[in-house]
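See below for the structure under consideration.
The values are calculated or read from the model by the stated rules, or taken from the named source; none is laboratory data. From a predicted model like this one, the values you see are computed outputs, not experimental measurements. Glycine also receives a Cβ, built like all others from the backbone with ideal geometry; neighbour counts cover every protein chain displayed.
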């Protein structure tokens, strides 16, 4: 009899456990069926969100990295931390300028033009703000407009050109993570969230 009671209590416990797992899933499925599917974001919003996200990460690094390490280079052949930021921010204008009908810049900004951390940070912020303004000005229909890629000497859709520069910025973000780690620092994006 004791065995029978133990078996019954185990079966009851298993049934209760199954009910607590299955019922919430059915409730979630019912909610999904009753909730309309969210439409996709507008094309210009998708591009702008990506542009602003990588900009946020790079601006945070520019503001966070110690000024006395701004000229740090992992090897003599590489750019310094500041030169990486200046190259990346300057390259943003190879996107922004064609989009707004201007000629792209010629070459990287020079470190002696941006002597302090504040100068570099301001330039990085401006490059992302100018790019964001160009994307917003073009709007959804403008994302399909054609511009000449300053490097490929071919026509590209504005959205495709933007994604190329977003990727370029992401590559420099990855490089700057290494500069942080070699300096014994943790990049802002890798720190525990508060």
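Among the residues here, residue 119 does not qualify as buried (at least 16 other Cβ atoms within 10 Å of the Cβ) and either out of contact with any helix residue (DSSP H, G or I) (no Cβ under 8 Å at 6 or more places or on another chain) or modelled with pLDDT of 95 or more (or both).
A quick yes/no check of all residues on (1) surrounded by fewer than 17 Cβ atoms within 10 Å (Cβ to Cβ); (2) under 22 Å from the mean Cα position of the chain (by Cα); (3) without any contact (Cβ under 8 Å) to a residue 12 or more places away in the chain; (4) more than 16 Å from residue 83 (Cα to Cα):
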| residue | (1), (2), (3), (4) |
| --- | --- |
| 109 | no, no, no, no |
| 144 | yes, yes, no, yes |
| 158 | no, yes, no, yes |
| 166 | no, yes, no, yes |
| 179 | no, yes, no, no |
| 193 | yes, yes, yes, yes |
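Please work out if residue 56 is assigned to a loop (DSSP other than H, G, I, E, B) and closer than 21 Å to residue 185 by Cβ. When the stated conditions are applied, residue 56 does not pass them. Within the stretch 26-49, residues that are assigned to a helix (DSSP H, G or I) have Cβ atoms under 8 Å from residues that are surrounded by fewer than 10 Cβ atoms within 10 Å (Cβ to Cβ) and at pLDDT 75 or above in these pairs: 46/40, counting only partners at least 6 apart in sequence or on another chain. Of the candidates 140, 160, 130, the single residue that is over 19 Å from residue 59 (Cα atoms), in contact with a helix residue (DSSP H, G or I) (Cβ under 9 Å, 6 or more places away or on another chain) and in the same structural domain as residue 60 (by TED's automatic domain parsing) is 140. Is it fair to say residue 114 is free of Cβ contacts under 8 Å to residues at least 60 places away in the same chain and surrounded by 19 or more Cβ atoms within 10 Å (Cβ to Cβ)? Here the answer is yes, as residue 114 does meet what is asked.
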